[in-house]
Amino acid sequence: EVLGAPETVAGVGGTLLPSNDLVIDGPEIVERRAPTNYWVGCQTIEYLTAFLVARPAMATMRALPIVSGGFGLYQRGLLIEVVGYRPGHLGEDMDMCLRIQRFLADSNRGYRIAQVPESLCWTEYPSTHEVLRRQRIRWHRGLKMILDDYRSMFARKRYGRVGTVGVGSLVVFEWVGPILEALGWVAIALLLWLGWISPVAALGVFLATQAFGVALSMIGVTLMTRHLGTFRSRCDVVRLLGWAVATNWGYRQMTVVWRIRSLLPGAAGWGEMPRLGFKTVATS
């Protein structure tokens, strides 16, 4: 019912949630805890907004450009037809999703890419500034590779909404967006310094943008608590609401800086991504 006829579903993505504060006993999750680490908490809000708000909407429009590499499924036959993942690509999950959709559109075969938020995968998020910084710089360099590879899909009738809305959103919001956001903050600071706008006007612009970001983050938390019921305790919900605010006051601006940093020369690889592992029940 969620996916439609099986033969029409080329790929499906789920929701990634942090395993960093889970307590594990063998194959069982003994205790679910909302993140206590700043970096993990802010990523959780970022992921909730993406997996519960943005991606289901894009999938409904048949414009979803990515199935997360952390938790996604494709029809095996399609993976073989497009010759699998490409070695060395920094945006391998988005590359696969768009390559399959381009292949199917070129073959005049009907399909859809679905997003099923109720399907959960617990994965360890980066918990330090340095590891997260490397990840985000790699992601943005991978995005540049995607835009180079799939720009021919943009605004072409053959590729439908995934070409216009999907690829278009990558250009406008993911590629150009961080640059415009950074220029906007610099422009406001400069105009304020020159005395061309009042401090009240500058504060108003700042608060308006922050309020929009916080509201969007709160929607993600609300959908998680009401729809998924993943973190049920009042303490966990309050903590997540706190991260919803914190994400927009520092974390978001830092990710903008990292994305702009990706435009400068540097190593084009994964780099070291250390993991701490699960918390486990002590054995007597």
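The values are calculated or read from the model by the stated rules, or taken from the named source; none is laboratory data. As the structure is a computational prediction, the values presented were derived from the model and not from experiment. All Cβ positions, glycine included, derive from the backbone under ideal geometry; neighbour counts span all protein chains shown. The area values use the complete protein model at the heavy-atom level, side chains included, leaving out ligands, DNA and RNA. Shrake-Rupley method; radii C 1.70, N 1.55, O 1.52, S 1.80 Å.
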TODO: Find the relative contact order for segment 160-284 and round it to a whole percent, using C-alpha pairs within less than 8 Å whose residues are 6+ positions apart.
DONE: 27 percent
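Determine the dipole magnitude for the chain: charges of +1 sit on the beta-carbon of Lys and Arg, -1 on that of Asp and Glu, nothing else is charged, the reference point is the Cα centre, and the result goes in debye to the nearest 20.
560 debye
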Task: Normalised convex hull volume, segment 1-70, alpha-carbon set, Å³ per residue - done: 129 Å³
Task: Share of carbon and sulfur in the accessible heavy-atom surface of segment 125-246 [1.4 Å probe, %] - done: 70 percent
Open item on the list: Over 30 Å apart: what share of the alpha carbon pairs of the chain falls there, rounded to a whole percent?
Closed with: 37 percent
Open item on the list: Counting heavy atoms of the protein chains only and a 1.4 Å probe, report the per residue accessible area for the chain as a whole number of Å².
Closed with: 53 Å²
TODO: For segment 1-110, run through the chymotrypsin sites (Phe, Trp or Tyr not before Pro) and keep only the ones in DSSP coil with at most 16 other Cβ atoms within 10 Å of their Cβ.
DONE: TYR85
Task: Estimated FRET transfer efficiency (TRP193, ASP25; beta-carbon r; R0 45 Å; 0.05) - done: 0.20
Task: Computed [θ] at 222 nm, deg cm²/dmol, the chain (DSSP H ≥ 4; -39,500 (n - 2.57); rounded to nearest 500) - done: -14500 deg cm²/dmol
Open item on the list: Given the options GLY213, GLY195, CYS235, identify the residue whose Cα lies farthest towards the positive end of the charge dipole of segment 175-284 (+1 on Cβ of Lys, Arg; -1 on Cβ of Asp, Glu).
Closed with: CYS235
TODO: Estimate the FRET efficiency between THR128 and ASN108 by the formula 1/(1 + (r/R0)^6), using the beta-carbon distance for r and 45 Å for R0, to the nearest 0.05.
DONE: 0.40
- [ ] Report the charge-dipole magnitude of segment 1-129 in Debye, nearest 20, computed about the Cα centre from +1 at each Lys and Arg Cβ and -1 at each Asp and Glu Cβ.
- [x] 480 debye
Open item on the list: Can you tell me what share of the DSSP beta bridges in the chain is antiparallel? A percent to the nearest 5 is fine.
Closed with: 40 percent
